[in-house]
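The values are calculated or read from the model by the stated rules, or taken from the named source; none is laboratory data. If you're wondering where the values come from, they're calculated on a predicted model, not measured in any experiment. Every residue, glycine among them, receives a Cβ derived from its backbone with ideal geometry; neighbour counts consider all protein chains shown.
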């Protein structure tokens, strides 16, 4: 009876630990923060793996959210209001989303706050922010493969495939959540890769949002004509935090 | 709606004029136990008790208690809480103030202040006894608004085996089986039920005035219960029980939510003499919540509520003058919740109570009770009195008047919660909460003449220190983060009444019409500020109706047709214009009225086989907006069921 005081059948359940078992050719990035991009350099990742994981394979850079109040900011603000959200200027684009109704497809531009451009490290290949992915002037292609091990020997097979470059986006990089209950989200205006970002899709409705993992392997071609093969294996931390990404990669491919 | 009510009354009146048969059909000689914790005939119980019989449950074809109550009782509404978990409003009281019991035992676990109603399936339920009004003098905390007690069946035949199934829209499926055996000393009853339903989307018009939902979640459940009774000699009964419940709800495909319950109990009932009986029981109930991470195949528990309860109850009968009841309970309540500030908490509660049921004369009966409760967390204690008088001026008529105090001790969650609600605000517990207390006054009368039964009841509740969340606020040094604290609100009142008319006529006709009025005056906080009410208020007017026609065409074929429905009036709710800027004030949101009707036909083939065909929501009502308190429907629903009693296949 004493054992029943705190309950029984503990063996039914798993006890997650915060420690992550990372295999060779794998990265783990906690990209759950709304306020940061995580920049991944595959050269550094390979080096890190060779060194036994002694240093981080990614660099965190905060998203600028403070309003730019100098002349540049004022001009940008004037410009954005005139162009009605087509200016592609760095800043926070506030949108209203019909999160409790039709869903994200029903949205409305509500305001712009000019900010400093997104800082970037010197060397990087891709950057992740929750379910969003950017490339460093690269382009992505979604294969039908579900394992990097099954891919053709090299990327030449995909030479003639249609790769999609990063595109301007002011709807998906959710950054400011202060007014979320009212359906108002402040998004960073920035280029993201729509194909690579499809590896983790967030849907509203329903509320709370649902996440759907696409386990296909993606090929990313970079300006130096090198390629990386990438696959999202998991998007949750051991304790269930979403947007903690376990990425399988092969670089160069 | 007025035309609908007039039509119903007309049909009712026309049927009345056709009445011919004397009455023996209102179950007035059924035994009920919940009101006094002693067996009483329904017609004689001093505490007004609403009885839902096994026949009523079969007619409703209900899957669980939620399904049943909203069909059977006006003034009971199940809606969604903010996170689309089910919330009950029972005549102005929420789930924390209505005590659900199964064979007299409490249930562990809550979500948004309500127990998991899907645990309470209708398989193997003998009857449900509902006592409205404060019952804390006998049942302690959480019984301020009433008690709903599900009584399970015991095997009465050498063997019985029922198998049943039902299918409906949205891939809704229900399968069940009940196996009963009865020997000289041993009886056993095993029931298993499995349900599934897909999630489905619902549409809303543009520009809703309040929060709407776009998905109705289905899920799957498993419910297994076994009860073994041993009767070694006359007057002594030992009952052991065990149960397992599992529910899975999938909001996010990769992380379905799981709910489990493990229950067990042992009860000894000994009738020592004609005047004395004693009842001792031990009950264990563990309710767990977990998330299943499909990718890792991990099932991670984040909530567990474990209740171990020992009870003792002694009754002594003073021949015809009265019954003395003495009782005591001890409960160890353990809570593990990842959103508690210290993750794990427990407390012990202890109570003693006594009741004297005094038969003053053949026309007068008076019941008085007093109870003392002690809660180890905070060293809180309560005295709770109760007095009820029953007067029987003429045969088949009862007038009852009662006063009862109700109370609800703050839960461990309300004291120690610390939950970041998706960045909107942080909900904080409050260790200094006082118990919520209510004074309940009720007056009722019931009258039975031949095949008619009329019940009229009115009640008034004066509630002090209501436990709830208050006004969202910013801390002085943190203007970015909103907080929402649990606190005691100002005094407020809930009052209302109910009228129920039942009848049965020649030719297999029967009907019941119930109307409930509820006035729930929502409280402000102690400073007079309008609070962010956690749940939508009760609807003022509600009506339920049922008409049945039953006919036996031959030995091998019978038919029952039923039309049942409910109407709930519109309701106004005062809500903040902007949760982030409460200085903007409040506005009144109007939620629309609705009515839902169900037509069902049950065909009996031989003695063993029944086929049920039902059209739910026959008026094809589709809410324009699926608000949190809209009915969970997207239109008419065809249900087909089959039930076979194998022992009758001869």
Flagged in segment B:66-97 as within 14 Å of another protein chain (Cβ to nearest Cβ), in contact (Cβ under 8 Å) with a residue 40 or more places away in the chain and either in contact with a helix residue (DSSP H, G or I) (Cβ under 7 Å, 6 or more places away or on another chain) or over 19 Å from residue B:466 (Cβ atoms) (or both), in numbering order, are B:80, B:84
Among strands (runs of 3 or more DSSP E) completely within segment B:427-493, the ones holding 1 or more residues that are buried (at least 17 other Cβ atoms within 10 Å of the Cβ) are B:436-449, B:452-464, B:467-469, B:478-488
- Hey, any hits in segment B:384-392 for a residue that's out of contact with any helix residue (DSSP H, G or I) (no Cβ under 6 Å at 6 or more places or on another chain), within 27 Å of residue B:133 (Cβ to Cβ) and part of a loop (DSSP other than H, G, I, E, B)? yes
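How many residues, within segment B:13-32, are under 28 Å from the mean Cα position of the chain (by Cα) and either surrounded by fewer than 17 Cβ atoms within 10 Å (Cβ to Cβ) or modelled with pLDDT under 90 (or both)?
Qualifying residue count for the region: 8.
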Selection over segment A:79-99 where residues are modelled with pLDDT of 75 or more and farther than 10 Å from residue A:112 by Cα yields a count of 5
- request: Output yes when any residue across segment A:132-147 is at pLDDT below 95, surrounded by 18 or more Cβ atoms within 10 Å (Cβ to Cβ), under 21 Å from the mean Cα position of the chain (by Cα) and closer than 30 Å to residue B:426 by Cα, and no when none is.
  value: no
Pairs returned, first residue in segment B:413-433 that is over 26 Å from residue B:380 (Cβ atoms), second residue that is part of a loop (DSSP other than H, G, I, E, B), beta-carbon separation under 6 angstrom, 6 or more apart or interchain, are B:423/A:177; B:425/B:472
Those residues of segment B:561-586 which are within 26 Å of residue B:632 (Cβ to Cβ), in a strand (DSSP E or B) and more than 14 Å from chain A (Cβ to nearest Cβ) amount to B:561, B:562, B:563, B:564, B:565, B:566, B:567, B:568, B:571, B:572, B:573, B:574
Open item on the list: Given the criteria closer than 30 Å to residue B:199 by Cα, in contact with a strand residue (DSSP E or B) (Cβ under 8 Å, 6 or more places away or on another chain) and part of a strand (DSSP E or B), does residue B:279 qualify?
Closed with: no
Might you let me know whether segment B:359-370 holds any residue that is without any contact (Cβ under 8 Å) to a residue 60 or more places away in the chain, buried (at least 16 other Cβ atoms within 10 Å of the Cβ) and under 25 Å from the mean Cα position of the chain (by Cα)?
no
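Condition first: assigned to a loop (DSSP other than H, G, I, E, B), more than 16 Å from the chain's Cα centre (by Cα) and more than 9 Å from chain B (Cβ to nearest Cβ). Now tell me which residues in segment A:218-253 satisfy that.
A:222, A:223, A:224, A:225, A:226, A:251, A:252, A:253
With B:260, B:241 as the choices, which residue is modelled with pLDDT of 95 or more, away from every other protein chain (no Cβ under 13 Å) and closer than 21 Å to residue B:102 by Cβ?
Details: B:260 fails: away from every other protein chain (no Cβ under 13 Å).
Among B:260, B:241, only B:241 is modelled with pLDDT of 95 or more, away from every other protein chain (no Cβ under 13 Å) and closer than 21 Å to residue B:102 by Cβ.
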Would you be able to say whether some residue in segment B:315-330 is at pLDDT 95 or above, touching a strand residue (DSSP E or B) at 6+ places or on another chain (Cβ under 9 Å) and within 11 Å of chain A (Cβ to nearest Cβ)? no
Does segment B:287-306 contain at least one residue that is farther than 30 Å from residue B:197 by Cβ, modelled with pLDDT of 95 or more and more than 10 Å from chain A (Cβ to nearest Cβ)? no
Of the candidates B:483, B:576, B:459, B:557, the one satisfying the condition of being in contact with a strand residue (DSSP E or B) (Cβ under 9 Å, 6 or more places away or on another chain), under 28 Å from residue B:443 (Cβ atoms) and in contact (Cβ under 8 Å) with a residue 12 or more places away in the chain is B:459
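Each row is one residue, and each column tells you yes or no for (1) within 14 Å of chain A (Cβ to nearest Cβ); (2) modelled with pLDDT of 95 or more; (3) touching a strand residue (DSSP E or B) at 6+ places or on another chain (Cβ under 8 Å).
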site: B:337; (1), (2), (3): yes, no, yes
site: B:343; (1), (2), (3): yes, no, yes
site: B:351; (1), (2), (3): no, yes, yes
site: B:358; (1), (2), (3): no, yes, yes
site: B:371; (1), (2), (3): no, yes, yes
site: B:376; (1), (2), (3): yes, yes, yes
Every listed condition ((1) assigned to a loop (DSSP other than H, G, I, E, B); (2) within 12 Å of another protein chain (Cβ to nearest Cβ)) holds for residue A:4 save (1)
Screening A:232, A:213 for residues that are free of Cβ contacts under 8 Å to residues at least 60 places away in the same chain and in contact with a helix residue (DSSP H, G or I) (Cβ under 6 Å, 6 or more places away or on another chain) leaves only A:232
Only one of A:168, A:174 is buried (at least 18 other Cβ atoms within 10 Å of the Cβ) and either within 25 Å of residue A:244 (Cβ to Cβ) or more than 14 Å from chain B (Cβ to nearest Cβ) (or both), namely A:174
Exception for residue A:195 within (1) at pLDDT below 95; (2) under 15 Å from the mean Cα position of the chain (by Cα); (3) closer than 27 Å to residue B:294 by Cα falls at (1)
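Can you tell me which residue among B:597, B:549 is more than 30 Å from residue A:181 (Cα to Cα), in contact with a helix residue (DSSP H, G or I) (Cβ under 6 Å, 6 or more places away or on another chain) and outside any loop (DSSP other than H, G, I, E, B)?
B:549
Within segment B:51-73, is even one residue part of a loop (DSSP other than H, G, I, E, B), surrounded by 20 or more Cβ atoms within 10 Å (Cβ to Cβ) and under 12 Å from the mean Cα position of the chain (by Cα)?
Within segment B:51-73 (the criterion being part of a loop (DSSP other than H, G, I, E, B), surrounded by 20 or more Cβ atoms within 10 Å (Cβ to Cβ) and under 12 Å from the mean Cα position of the chain (by Cα)), the answer is yes, since at least one residue qualifies.
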Considering residues that are in contact (Cβ under 8 Å) with a residue 60 or more places away in the chain and part of a loop (DSSP other than H, G, I, E, B), the number found within segment B:156-169 is 2
Only unsatisfied item for residue A:24, checking (1) closer than 25 Å to residue A:227 by Cβ; (2) within 14 Å of chain B (Cβ to nearest Cβ); (3) surrounded by fewer than 15 Cβ atoms within 10 Å (Cβ to Cβ), is (2)
Of the residues in segment A:196-217 that are away from chain B (no Cβ under 14 Å) and not in a helix (DSSP H, G or I), the one that is surrounded by the most Cβ atoms within 10 Å (Cβ to Cβ) is A:217
The residue from B:38, B:53 that alone is closer than 30 Å to residue B:167 by Cβ, modelled with pLDDT of 65 or more and out of contact with any helix residue (DSSP H, G or I) (no Cβ under 9 Å at 6 or more places or on another chain) is B:53
(1) surrounded by 18 or more Cβ atoms within 10 Å (Cβ to Cβ); (2) over 24 Å from residue A:220 (Cα atoms); (3) touching a residue at least 24 places away in the same chain (Cβ under 8 Å) all hold for residue A:189 apart from (2)
